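Everything below concerns the one structure shown next.
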């Protein structure tokens, strides 16, 4: 087991504890250290990082948390910046983790270029989500934002043509449980919307998810046409599109929420996006889209976590506009306990976010209680009950 360096080594370098509210944020010293390392330098001075390093009991745990949350590169950089004397084995493992994730992302990036060219040749517009776009636009370099798959949005009328392009390039479809269940009951369901379809390349194992809308809520999206109209070119990827910053903010928040904030890198996405567009983000548009899609509380929670965990600046006004009722805040605290998220132990609550009409009431009632667009959800539930 790896152990920390002697406290005197840190004392010579100078270590100052964070403010009390920061030390209360994460009781697990390993999670606290990883969180501090993932913050921007002005939000985590070297003295605070060194103080947190003194509290680490097991560097193997730190490496495992950093790898699981896809922030190994940030931990390495913070340790270098703060002159934290990492044990050699821990540094080697962080290096290896970063190299593996970078190599995989480079392979996926090559696949993305190939797919984009093939789709463009068939005149199929595509919106690229998450990792490849964020790495190109808000992260300091491509290697700082690892990703394990490609998420592509196509228009519903071009879905079959897009699938044909993928299969022609050596991809085969693999079942996605929620979408398989929906398609099996498609003739009897009068509500709901398609989830993504998954494709794996036969040779290199690249995973591609094809979406018909970026939110994947299980309801027909309200703002899809205008999202396409607002879409912007992806830098360095001719012909490909990305969501406008306001739509990216909503999509990233819903995605992280659906997965229960299981990875810190998803909160970092929000942190860097809000920093990058702090003076230009159209808050009115972001709030309107979130409310129309029924995810205002989801956006509120995600922004609140970015501020709490990573000290994202300038979010107070946006949080205030999105703040849900006291009852809903209480329910969110039960379903997504802050102590789990703050200690980097979040977990997926799929049915609490997505509307799963194919799973009967257990797939529909949770999101009816916790999310907006309740009239649409109530009509779907009533339709289901009448068909029984």
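Could you check region 120-146 and list, in sequence order, the residues that are crowded, with 19+ Cβ neighbours inside 10 Å, touching a residue at least 60 places away in the same chain (Cβ under 8 Å) and either in contact with a helix residue (DSSP H, G or I) (Cβ under 6 Å, 6 or more places away or on another chain) or in a strand (DSSP E or B) (or both)? Once the filter is applied, which keeps residues that are crowded, with 19+ Cβ neighbours inside 10 Å, touching a residue at least 60 places away in the same chain (Cβ under 8 Å) and either in contact with a helix residue (DSSP H, G or I) (Cβ under 6 Å, 6 or more places away or on another chain) or in a strand (DSSP E or B) (or both), region 120-146 yields 126, 127, 128, 129, 132, 134, 138, 144, 145, 146.
Scan region 336-355 and tell me whether some residue there is more than 30 Å from residue 63 (Cα to Cα), without any contact (Cβ under 8 Å) to a residue 40 or more places away in the chain and crowded, with 21+ Cβ neighbours inside 10 Å. Among the residues of region 336-355, not one is more than 30 Å from residue 63 (Cα to Cα), without any contact (Cβ under 8 Å) to a residue 40 or more places away in the chain and crowded, with 21+ Cβ neighbours inside 10 Å, which makes the answer no. Residues of region 264-293 being surrounded by 21 or more Cβ atoms within 10 Å (Cβ to Cβ) and closer than 17 Å to residue 324 by Cα, which ones? Within region 264-293, 286, 289, 290, 293 qualify. Checking every residue in region 239-251 against the condition of being within 13 Å of the chain's Cα centre (by Cα), under 24 Å from residue 98 (Cα atoms) and buried (at least 18 other Cβ atoms within 10 Å of the Cβ) gives zero matches. With respect to the conditions (1) within 23 Å of residue 264 (Cα to Cα); (2) touching a helix residue (DSSP H, G or I) at 6+ places or on another chain (Cβ under 7 Å), residue 307 falls short on a single one, namely (2). Counted as qualifying within region 161-237 are the strands (runs of 3 or more DSSP E) with 2 or more residues that are at pLDDT 85 or above and more than 27 Å from residue 249 (Cα to Cα), namely 171-174, 197-201. Yes or no: residue 205 at positive phi and surrounded by fewer than 19 Cβ atoms within 10 Å (Cβ to Cβ)? Yes; evaluated as a whole, the condition is true for this residue.
Would you confirm, using the coordinates I've provided, whether residue 292 is more than 19 Å from the chain's Cα centre (by Cα) and assigned by TED's automatic domain parsing to the domain that holds residue 262? Yes.
Quick one: is residue 34 farther than 24 Å from residue 274 by Cβ and either assigned by TED's automatic domain parsing to the domain that holds residue 274 or crowded, with 22+ Cβ neighbours inside 10 Å (or both)? The answer is no for residue 34.
Mind checking whether some residue in region 90-104 is more than 26 Å from residue 41 (Cβ to Cβ), surrounded by fewer than 22 Cβ atoms within 10 Å (Cβ to Cβ) and outside the structural domain of residue 193 (by TED's automatic domain parsing)? It would help to see each step written out before you state the result.
First pass over region 90-104, keeping only residues more than 26 Å from residue 41 (Cβ to Cβ): 103-104.
Filter again for surrounded by fewer than 22 Cβ atoms within 10 Å (Cβ to Cβ), leaving 103-104.
Narrowing further to those that are outside the structural domain of residue 193 (by TED's automatic domain parsing): 103-104.
Yes, the conditions are met somewhere in region 90-104.
The values are calculated or read from the model by the stated rules, or taken from the named source; none is laboratory data. Bear in mind the structure is a predicted one, so any value in this text is a computation, not a measurement. Neighbour counts run over all protein chains shown; Cβ positions are idealised from the backbone, glycine included.
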